[in-house]
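Novice: Before anything else, here's the structure in question.
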């Protein structure tokens, strides 16, 4: 697998917000997720593409 | 969380068939009717940043990127975004809905709906979101099928008493979505009266600065003749 190709563009991350809350997103590079604290959702990044669909997001667990 | 069907309008299951039939130059309506005018208006806006809502496989983003515009493409159909990225690895593409844009207020100088409004479920929300992410004085550029054309729905062409082919209006004032199938593509398009689009855009406080129902420019003669028989596309430019 070509890891470089699967990295998400940092300049794109800078302008993204949560589509639900419009709050900031934190990039969790290990889990490859974009975390919206305000909406308590984690959006996946697949092969470098942020998937900002509310239906595809994972609900954060307590304490996460 | 919502229960939105990711294949609500058939684009997900039709994505491969669509990619197979769409040349890089675009289909007839894109290549010979809309492209030159869309590029001209987009460049005329002098925008340095553009968001393409419903960008599909990224064709218009690539066109504008060649003119030095910083482009971002968003589409809910994952396979289109994968294709866009593979054709333009340096471009910015992501998966998301027009009704819930993942951008801050005022992030873009130009927002484009290039033949995508008729695929979008809630245009009131989508237009509100487009206007939200536009900066002050920003431009909203729209190419869409004309409401004359979409009102026809599934009636198609009929032969009139004069023996000639006609593309009649359907129930023009009735907003509705119809399923269409061709070349392995099966998608749902919305018909909305022109008044619905105009009201939604005016409701956001936008000002109309350009309107056209362009005729084909060049292209094969038989196709030009066919498209000359009915108003097919319209182009609108609004300013925030």
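Read-outs: derived from the displayed coordinates by stated rules, not from any lab. Values in this document were obtained by computation on a predicted structure and should not be read as measured data. Neighbour counts are summed over all protein chains in view; Cβ atoms, including those assigned to glycine, are modelled from backbone coordinates with ideal geometry.
Novice: Note the full-extension length gain between residue B:8 and residue B:194 as 0.36 nm times their separation in residues minus their Cα-Cα distance, in nm to one decimal.
Specialist: Contour length minus the Cα-Cα distance gives 64.6 nm.
Novice: Work out the mean other chain Cβ neighbour count within 10 Å for the residues of A:42-49 and drop it here as an integer.
Specialist: 4
Novice: Here's another thing I want to ask about it. Apply the Debye scattering formula to the stretch A:3-59, with a single equal point scatterer on each alpha-carbon and no solvent, then give log10 I(q)/I(0) at q = 0.17 Å⁻¹.
Specialist: Cα-only, vacuum Debye calculation for the stretch A:3-59: -0.46.
Novice: Additional query: Give the order of B:176, B:85, B:207 when sorted by the count of other beta carbons within 10 angstrom, beginning with the fewest.
Specialist: B:207, B:176, B:85
Novice: To continue, here is another question. What is the angle, in °, between the Cα long axis of helix B:123-133 and the longest principal axis of the Cα atoms in chain B? Nearest 10 is fine, range 0 to 90.
Specialist: Rounded to the nearest ten degrees, it is 30.
Novice: Residue separation times 0.36 nm, minus the C-alpha to C-alpha distance between residue B:208 and residue B:171: what's the value?
Specialist: 10.7 nm is the gain from fully extending residue B:208 to residue B:171.
Novice: Computed FRET efficiency, Cβ-Cβ of residue B:229 and residue B:186, R0 30 Å: what is it to the nearest 0.05?
Specialist: 0.75
Novice: Now for a different question. Classify the protein assembly as shown from the C-alpha gyration tensor, please: rounded if a/c falls under 1.5, else prolate or oblate depending on whether a/b exceeds b/c.
Specialist: prolate
Novice: What length, rounded to one decimal in nm, is gained on full extension from residue B:221 through to residue B:178, with 0.36 nm per residue of separation minus their alpha-carbon distance?
Specialist: Full extension of this stretch gives 12.5 nm more.
Novice: Here is a follow-up. So for each of B:103-113, B:192-202, B:157-167 I average, over its residues, the number of other beta carbons within 10 Å; can you give me the resulting order with the highest mean first?
Specialist: B:103-113, B:192-202, B:157-167
Novice: Just need the Rg to Rh number for the stretch B:182-240, please, alpha carbons only, Kirkwood Rh.
Specialist: Expressed as Rg/Rh, it is 1.08.
Novice: Still on this structure: Modelled label-to-label distance, residue B:27 and residue B:158, 7 Å Cα→beta-carbon offset: nm?
Specialist: 2.4
Novice: I've got another one for you. Between residue B:17 and residue A:38, what FRET efficiency comes out of the Förster formula 1/(1 + (r/R0)^6) with R0 = 45 Å and r the beta carbon distance, rounded to 0.05?
Specialist: Calculated transfer efficiency: 0.70.
Novice: Related question: Two-decimal Rg/Rh of chain B from alpha-carbon positions, Kirkwood Rh?
Specialist: Taking Rh as the inverse mean 1/r over Cα pairs, Rg/Rh reads 0.95.
Novice: Something else: Helix B:78-87 sits at what angle to the longest principal axis of chain B, using alpha carbons and giving 0 to 90 degrees rounded to 10?
Specialist: So the inclination is approximately 70 degrees.
Novice: Oh, and also: Using a simple spin-label model with points 7 Å from Cα along the Cα→Cβ vector, what separation in nm is obtained for residue B:87 and residue A:58?
Specialist: Output for this residue pair reads 3.3 nm.
Novice: Does anyone have the angle between helix B:35-44 and the longest principal axis of chain B? Alpha-carbon axes, 0 to 90°, nearest 10?
Specialist: Relative to chain B, helix B:35-44 is tipped by roughly 40 degrees.
Novice: Which whole-number percent is the relative contact order of the stretch B:103-233 (Cα, under 8 Å, 6+ apart)?
Specialist: Reported as a whole number, the value is 24 percent.
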